[in-house]
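For reference, the structure discussed in these notes is given below.
The values are calculated or read from the model by the stated rules, or taken from the named source; none is laboratory data. Note that the coordinates shown come from a computational prediction; the quantities given were computed from them, not determined experimentally. Note that we place each Cβ from the backbone using ideal geometry, even for glycine, and neighbour counts take in every protein chain shown.
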Amino acid sequence: MTDDRARLPAGKQKEFISQAISEAGGITTMAAVLKVSERTIRDWRREKFTISYDSLIALSHSYQIPLPDNMQREKKFWYVTKGARQGGLASYQKQGGVIGDPAVRKQKWREWWEREGRRKMPSTFYPLPFAQADKSIELAEFIGTMMGDGGMTNRQFTITLHHIDDLAYSKFVVALIKKLFAVTPTVRHLAASSVNIIVVSRSGLIEYLHKLGLPIGNKVKQRFDIPQWIKENCDYMIACVRGLVDTDGCIFTHRYRVNGKLYSYKKLDFCSYSPPLINTVKDFFETLGIRAQIRGGVDARIENKAGIERYMQLIGSHNEKHLKRWGNTV
């Protein structure tokens, strides 16, 4: 790593950083990759400061963005104004008089990368490792958790949980991720939204999870459902449904009065706006002998005492919030 800076023509640094943010899926991910603050990224984007040379090279490699024309490498403290014209002329000559052609710039980037860029890449920016977990009960439960409160972009996955009600469950999920993939997630607390966001940035891991059946992008628009490899194994289905209900489900107490006497009993509700998924969960409940109904097209609900007792016996929960509500008979 060096302290050298990358000096770009006016507007080019903003353009480059904006494209990198888009490719990374957001400033938060990009800051984590470069190990800098989000404020630093924003300062680079508005060209308050010049970007470090190492960071520019890392972003170019990570997201295959051609290096801007007329880029100059300078020492950290430089006050030189000459050289832009010479750099522009050199770029013009190299590209055969076609400076603005993206295809030419990308080809020049590849040539530069093979010639010298690969050797200059700091080791901290090489693809990050992870373990490919074998299909198992624990992997199936993680898939259920992701299908509930998770989401994936091309380079990272997140799981968003309530910062108080799901605090213990968040710790369970973090431990599960470490065990399955040998990766330590980042946990970000967003006080304004009352959530903790569990974040893992590994493009290779995303590709692996996508092959296992997790959708990238908007889950509901893709009408997502439990992957077939899980459906074919009852133990996997139990674990996956547990992950789903632990994130997108709830246990609540229904109270009513008859002749002035107060009655109460527990109900369990799982909510999803994906019709295939809500039907799969409802059908699986019934496969286990648990009577369930679909309410409003988005809720699979267990409304009788025997059904929820059987659910807790056969499927159970790893979410302390659900266990407390189940144990509280008031």
* Asked: Does region 210-217 contain at least one residue that is assigned to a helix (DSSP H, G or I) and closer than 16 Å to A140 by Cα?
  -> yes
* Could you give me the residue pairs with C-beta distances under 8 Å whose first residue belongs to region 314-325 and is assigned to a helix (DSSP H, G or I), whose second residue is of a type in the set (F, W, Y) wherever it lies, and which are 6+ apart or on separate chains? => E320/Y169; K321/Y169; R325/F252
* Structure fact -> Taking region 24-76 and the residues there that are among the aromatic types (F, W, Y) and in contact (Cβ under 8 Å) with a residue 40 or more places away in the chain, the one that is nearest to E114 (Cα to Cα) would be Y63
* Breaking point among (1) surrounded by fewer than 22 Cβ atoms within 10 Å (Cβ to Cβ); (2) modelled with pLDDT under 95; (3) not acidic (D, E), for I238 -> (2)
* Asked: Tally time: how many residues in region 31-71 are in a helix (DSSP H, G or I) and charged (D, E, K, R)?
  -> 6
* State whether the residues of region 167-174 include one that is hydroxyl-bearing (S, T, Y), in contact with an Asp or Glu (Cβ under 9 Å, 6 or more places away or on another chain) and modelled with pLDDT of 95 or more. => yes
* Restricting attention to region 242-284, which residues are part of a strand (DSSP E or B), more than 26 Å from D165 (Cα to Cα) and β-branched (V, I, T)? -> V258
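Going through F125, F130, F142 one at a time, which residue ends up being modelled with pLDDT under 75 and surrounded by 16 or more Cβ atoms within 10 Å (Cβ to Cβ)?
From the options F125, F130, F142, the qualifying one is F125.
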* Which of the residues belonging to region 250-293 are more than 19 Å from L214 (Cβ to Cβ) and in contact with a Leu (Cβ under 7 Å, 6 or more places away or on another chain)? -> I251, R255, L288
* **Residues (outside any loop (DSSP other than H, G, I, E, B), touching a Leu at 6+ places or on another chain (Cβ under 8 Å) and among the basic types (K, R)) located in region 185-203** => none
* To do: Among the residues of region 143-166, count how many are part of a strand (DSSP E or B) and touching an Asp or Glu at 6+ places or on another chain (Cβ under 7 Å).
  => 3
* Structure fact -> Checked S18, S52 against criteria (crowded, with 18+ Cβ neighbours inside 10 Å and over 19 Å from T158 (Cβ atoms)); the one match is S52
* Return the residue satisfying two criteria in turn: it lies in region 294-311 and is of a type in the set (A, V, I, L, M, F, W, C) and touching a Leu at 6+ places or on another chain (Cβ under 7 Å), and of such residues it is farthest from D248 (Cα to Cα). => I308
* Has region 223-234 got at least one residue that is farther than 23 Å from H318 by Cβ and surrounded by 12 or more Cβ atoms within 10 Å (Cβ to Cβ)? -> yes
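Yes/no per residue for (1) within 26 Å of G151 (Cβ to Cβ); (2) without any contact (Cβ under 8 Å) to a residue 40 or more places away in the chain:
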position: I238; (1), (2): yes, no
position: I251; (1), (2): yes, no
position: Y263; (1), (2): no, yes
position: C271; (1), (2): yes, yes
position: S274; (1), (2): yes, no
position: K282; (1), (2): yes, yes
position: N304; (1), (2): no, yes
position: R310; (1), (2): no, yes
